[in-house]
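Here's the structure we're looking at; comments come further down.
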Amino acid sequence: MIGTKIVREDGVTKWQGEVTDAPVDFLSNLPLHPLPITISGSNNVTFTLNCSTTNPRWLFNGRNFTKIDRTIVYTWGAVSNSILDSTGAQTTDVDSVLGVWYAYLDADMNAIWMSQTAPSYVEAPYCAGLLGHPGTSRNQFYRYIGIMVCTTAATPAFLTMTKIGYTWHWATLNATPTTAWLVTSVFTVRLPKLAKYGGMVGGNVLTGKAGTVTVSADATASEGVVIFSHAGTTSGVVQGPFDIPGPADASGELYVNGLVVTGSLVKVTRYKDVV
């Protein structure tokens, strides 16, 4: 029963202490404090879970609960890289693929695996909760811990990003609105697809004179939009911030349009992660 304290002993470490029984599924889906992640190295190829004895984190991965008080590092090379395919199987990648890569911590919480597949829940063996790798061929638990964005595949090279709390910050990614609503490939670097877990994309919108710019994370123009309007007829722009859940579809793009495109711009500067 939750709340009833009993004394347990760990069979390996012989640690003893009072604990309370709680369902594993409940524990594995508890929200996390923001994980301290850094992106570094030449071409930003190094992803580091930057924990330490003075900045630890506690993670529940499947049935394994661990205090992370050390750094765990993943570095991309141009020859062979450890990745998970869409089924969750371990394989290798020669360099990389353009776009978002999702970082997963393995069951021992000692190694990081990259995958193009976003976290999700599936009813299958080794389910790591809502933020686990959804592949049904995986042979262990994998817990989502962050992202990298590949900008040059063959090198490879990744987007320069700084994580503060839950939010990734980067140099502005610009898109010029057009009068068409469904704009494909708005951004040369696509965005993470974590909206259903609370992922938020943010930035600023510039609206040209007598213009209106609409931004949405969904292909349906009438739902979840942010609208900026410039009522004046003189030169200049109106600028304002936006934060919206997104992207909400498989393309990983935002959808924008503008009634007057001259002087209008959508500037994406950040992404609020869920870990």
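What follows draws every value from the coordinates through simple rules; no lab data is involved. Keep in mind it's a predicted model, so treat the numbers as computed, not measured. Positions of Cβ are backbone-derived with ideal geometry, glycine not excepted, and every protein chain shown enters the neighbour counts.
Contact order, relative form, for the chain: 16 percent (alpha carbon pairs under 8 Å, 6 or more residues apart, mean separation divided by residue count). Computed from point charges on the beta carbon alone (+1 for Lys and Arg, -1 for Asp and Glu), the dipole magnitude for the stretch 166-272 about its Cα centre is near 240 Debye. Close amide H partners of Gly146, meaning residues 5 or more places away or on another chain with modelled amide H under 5 Å apart, are Ala103.
Between the stretch 16-57 and the stretch 198-275, what is the C-alpha centre distance in whole Å? Between the Cα centre of the stretch 16-57 and that of the stretch 198-275, the gap is 33 Å. Remark: the stretch 237-249, residue by residue, has Karplus-estimated 3J(HN,Hα) of 10, 9, 10, x, x, 9, 9, 9, x, x, x, 9, 10 Hz, where x stands for each Gly or Pro and the curve is 6.51 cos²θ - 1.76 cosθ + 1.60 at θ = phi - 60°. Among beta bridges from DSSP that stay inside the chain, the antiparallel ones total about 95%. Taking 7 Å steps out from each Cα toward its Cβ at Ile164 and Asn29 produces label points 3.3 nm apart.
Each residue of the stretch 264-275 was assigned a 3J(HN,Hα) from its phi angle through the Karplus expression (A = 6.51, B = -1.76, C = 1.60, θ = phi - 60°), giving 8, 7, 10, 10, 9, 10, 7, 9, 8, 7, 10, 9 Hz with x at Gly and Pro. Summarising the amide proton neighbourhood of Ile37: residues at separation of 5 or more, or on other chains, whose placed amide H is nearer than 5 Å comprise Asn50. Summing +1 for each Lys or Arg and -1 for each Asp or Glu among the other residues whose beta-carbon sits under 10 angstrom from that of Leu59 gives +3.
With K and R counted +1 and D and E -1, the other residues having a Cβ less than 13 Å from that of Ser80 yield a net charge of -2. Toward the positive end of the charge dipole of the stretch 166-272, with +1 on the Cβ of Lys and Arg and -1 on the Cβ of Asp and Glu, the farthest Cα among Thr179, Asn204, Ser229 is that of Asn204. Once the convex hull of all Cα atoms in the stretch 166-272 is built, its volume per residue stands at 86 Å³. Bridging of Lys67 to lysines at a Cα separation below 30 Å is possible for Lys5, Lys14, Lys163, Lys193, Lys196, Lys272, once same-chain residues fewer than 8 apart are set aside. For Ile68, the residues whose modelled amide H falls within less than 5 Å of its own, excluding neighbours fewer than 5 places apart on the same chain, are Arg57, Trp58, Leu59. Within the shell defined by Cβ-Cβ distances under 12 Å, the residues around Leu32 carry a net charge of +1, with Lys and Arg each +1 and Asp and Glu each -1.
The mean sequence distance of close C-alpha pairs (under 8 Å, at least 6 residues apart), as a share of the length of the stretch 5-163, puts its relative contact order at 21 percent. If only the Cβ of Lys and Arg carry +1 and only the Cβ of Asp and Glu carry -1, the dipole of the chain around its Cα centre is close to 520 debye. Backbone geometry of the stretch 146-162 corresponds, through the Karplus equation with coefficients 6.51, -1.76 and 1.60 at θ = phi - 60°, to 3J(HN,Hα) couplings of x, 9, 9, 10, 7, 10, 9, 6, 5, 5, x, 9, 10, 5, 6, 9, 10 Hz, x marking Gly and Pro.
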